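Colleague: What follows is a single structure, and I will ask about it in a moment.
What follows draws every value from the coordinates through simple rules; no lab data is involved. All of these numbers come straight from a predicted model, not from anything done at the bench. As a convention, Cβ positions derive from the backbone with ideal geometry for all residues, glycine included, and neighbour counts pool all protein chains shown.
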Amino acid sequence: MPFAQIYLIEGRSEEQKRALIEKVTHAIVEAVGAPRDNVRVWLHDVPKENWGIAGVSAKDLGR
């Protein structure tokens, strides 16, 4: 069972997340021939203050 974990800075819409799950699932099915029903995708919404970029939080960078 293929399992994809994707970490994102919080703030994406529900529609964007649905599209990401669909496209990642499709890519896995195409790439490795896994049955669609066996593919799992887990999105991690990380708070901006918990995501660091070059030593500064994404929140402090205004991301």
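Colleague: Would you mind counting up the charge near K59? Only other residues with Cβ under 11 Å from its Cβ, with Lys and Arg at +1 and Asp and Glu at -1.
Modeller: Combined, the nearby Lys, Arg, Asp and Glu give -1.
Colleague: Turning to a different aspect of this structure: So what's the angle, to the nearest 10 degrees on a 0 to 90 scale, between helix 14-32 and the longest Cα principal axis of the chain?
Modeller: Once rounded, one gets 50 degrees.
Colleague: A further question follows. Give the relative contact order (percent, whole number) for the chain; include only Cα pairs under 8 Å separated by 6+ residues.
Modeller: 42
Colleague: OK, next. So what is the diffusion coefficient of the chain in µm² per second by Stokes-Einstein at 25 °C and 0.890 mPa s, using a Kirkwood Rh over Cα pairs?
Modeller: After rounding, the answer is 188 µm²/s.
Colleague: Let me ask something else about it. Pull up all non-local amide H partners of A4: gap of 5 or more, or a different chain, and H-to-H distance under 5 Å with H placed in the peptide plane.
Modeller: Amide H neighbours of A4, under 5 Å, 5+ apart: R40, V41, W42.
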